[in-house]
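Q: Submitted below is the structure of interest, expressed as structure tokens.
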Amino acid sequence: MCYICIVKLTAKVKLLPTPEQAQSLKQTLEMANSACNYISELAWEKKTFRQFPLHKLAYHDARSKFPLTAQIVVRCISKVADAYKADRKSKRVFKPHGAIAFDNRILRWYVDRSEVSIWTINGRMRIPFVCGEHQLQLLKSQRGESDLVFVSGQFYLFTSCDVEEPNPLDVEDVLGVDFGIANLATDSDGEIFSGEAVEENRRKYEHRRRNLQRKGTKSAKRKLKRLSGKQARFQSNVNHVISKRLVKKAQDTQRGIALENLKGIREATVRRKQRSKHANWSFYQLRSFIEYKARRAGVPVVLVDPKNTSRTCPVCGCVDKANRRTQALFSCVSCGFSAPADTVAARNIRARAVVNLPMVSNPVCSGTSCRL
């Protein structure tokens, strides 16, 4: 039996509504989130949080109270039920312009015309959209729901797309990758991706935010609003560039990729001066970018235990804390081997992954959906 592995990716497009259409979209979000708050109130009062019992409890009341189509009310009930999945210790309250999901009954894509037909409280509207070529290719495999999102005065649609995952490469070696703060990533070939630009960007925006917050004037608050998200977008772009480079290298050389399993590292105690730098470290985002790009390229990925990878000599196997002379330098106290510490760690990660290589190259549908 042959299975097709599917990678679920999200395409983001920007809507270009007229002023009248934008007002209708905003009113639709406000009305839908008002319905969510009403449904949440019922759920909290009756202690009914699961979707199907909540549907029976709230559907007809919400339909009669709000001028929303049946499918929007269904999506509002789903949104409330999802919000209570994390815990049921406090009542959920939804912001007026929070995202609302639209399915194919109330939203239709016309990719060839770069246009969508979307339901609003003022009726169906056809609204053009713009996106990059990569997003346009993803939209050809669009499936399921799309989220209408209002951010900084602009409307966007985030929609899920099913992309077929190619068969994994038949690999005999792996590319080890060490994550860090000074160097965001270092591979076992010795290539280093410095974190200097990210750290400089972090310090710059931290300094600006601190000064503007101290000032506290209306103009300072407007400036803070304009700065919002810029640092995160810069880091996200850097992580995209690094992950693309690593996956391309592994694909071109017929290798898998070995990464550190850094689960729980946020719980480690950090010195006060290092807290902001450590909190800013987006290693999980970089790892997720590498993993989904690798799946799309057919490159297998394996996670290894990072313990002592920067203290183990790759030549003689000596494990000693003293081997790590400085943050940047590794020098073995036993055999004298010396090299950049992050490169040594990446080589050790590769060595640990090679032991499990037969398992790495097996086609596993982790993080994807599979269908016949």
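The values are calculated or read from the model by the stated rules, or taken from the named source; none is laboratory data. Note that the structure is predicted; figures quoted are calculated from it, not measured. Cβ placement follows ideal geometry from the backbone for every residue including glycine, while neighbour counts extend to all protein chains displayed.
Q: Could you list, in sequence order, all residues of segment 89-122 that are free of Cβ contacts under 8 Å to residues at least 40 places away in the same chain and over 18 Å from Thr159 (Cβ atoms)?
A: Lys89, Ser90, listed by residue number.
Q: Got a sec? Which helices (runs of 4 or more DSSP H) wholly within segment 133-241 have at least 1 residues that are in contact with a strand residue (DSSP E or B) (Cβ under 9 Å, 6 or more places away or on another chain)?
A: By residue number, 133-139, 196-215.
Q: Yes or no: segment 20-28 includes at least one residue that is assigned by TED's automatic domain parsing to the domain that holds Ser117, under 30 Å from the mean Cα position of the chain (by Cα), in a helix (DSSP H, G or I) and closer than 30 Å to Glu165 by Cβ.
A: no
Q: Of the numbered conditions (1) assigned to a strand (DSSP E or B); (2) under 25 Å from Gln27 (Cα atoms), His97 satisfies every one except a single condition; which is it?
A: Of (1) assigned to a strand (DSSP E or B); (2) under 25 Å from Gln27 (Cα atoms), only one is false for His97: (1).
Q: Can Asp170 be described as under 30 Å from Pro300 (Cα atoms) and surrounded by fewer than 15 Cβ atoms within 10 Å (Cβ to Cβ)?
A: For Asp170, the condition - under 30 Å from Pro300 (Cα atoms) and surrounded by fewer than 15 Cβ atoms within 10 Å (Cβ to Cβ) - is met.
Q: Suppose we filter Asn183, Asn201 for residues that are surrounded by 15 or more Cβ atoms within 10 Å (Cβ to Cβ) and in the same structural domain as Val304 (by TED's automatic domain parsing); which single one remains? Spell out how you get there, then give the answer.
A: Numbers: Asn201 fails: in the same structural domain as Val304 (by TED's automatic domain parsing).
Asn183 is the lone residue from the list that is surrounded by 15 or more Cβ atoms within 10 Å (Cβ to Cβ) and in the same structural domain as Val304 (by TED's automatic domain parsing).
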